[in-house]
Amino acid sequence: MSAKDGCGHHHDYYKRRKFYYHVMAAIIALIIIVLFVILLIYLILRPTKPTFTLQDITLYAFNISTTTTTLTSNLQITISSRNPNSRIGIYYDKLDVYATYRNQQITLPTMIPPTYQGHKDVNVWSPYLYGNEVPVAPYLAMSLAEDETAGTVLVNVRAIGRVRWKVGTFVSATYRLNVNCPAYITFGNKNNGFVVGPAVKYQVVEGCNVDV
């Protein structure tokens, strides 16, 4: 190999190295620009998760059997959701609502129809929740019977589903939504509720814990 060939080889090597350096610098610059745009959009829009409020519960049936360790319940709830964002809409693609007692599901899930929630809008739903002779653990049946005798039962109304964010014409990927609303139901004293035919309606107005 001549000296000229050696110089040509080194020149090509440094040329390729310089090319790779520019490509890497361009990729890093592009990543920085994308991250900056995302941060800028976040600071401008300040996306906030929706807020949920459990407004009331109408109780038609809530009967525990300690012999068969089953629970039959029939209730209607009113739950509202507010979109606090002024520039972001929310798609509720799927939302199932059900009741639990001490983390055990005691009603079947009731599906809320898919809906879109505009900026600062409030949606109100009033689904029925049913559970006919739902098996519960023996210790939960005893605990529930004791709570009823004491006069107060803590029931949690939960909603799980999927949401998407809408900014202008852009629609985000799907995010999982988890809502937990605690509600104390009183027994033995109907003065704490409003008698509606065979049912008792309780005004709750409890804020819910929301995770997205």
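The values are calculated or read from the model by the stated rules, or taken from the named source; none is laboratory data. From a predicted model like this one, the values you see are computed outputs, not experimental measurements. Cβ sites come from the backbone with ideal geometry, for glycine too, and all protein chains shown count toward neighbours. What goes into the accessible areas is simple: the full protein's heavy atoms, side chains included, and nothing from ligands, DNA or RNA. Shrake-Rupley method; radii C 1.70, N 1.55, O 1.52, S 1.80 Å.
In segment 49-117, Rg over Rh equals 1.09, where Rg is the alpha-carbon radius of gyration and Rh the Kirkwood radius from pairwise Cα distances.
What is the percent carbon and sulfur in the accessible area of segment 42-196, measuring with a 1.4 Å probe over the protein chains and ignoring ligands?
53 percent
Look at the dipole of segment 89-212 built from charges on Cβ: of Ile90, Leu129, Gly151, the Cα furthest out on the positive end belongs to Ile90.
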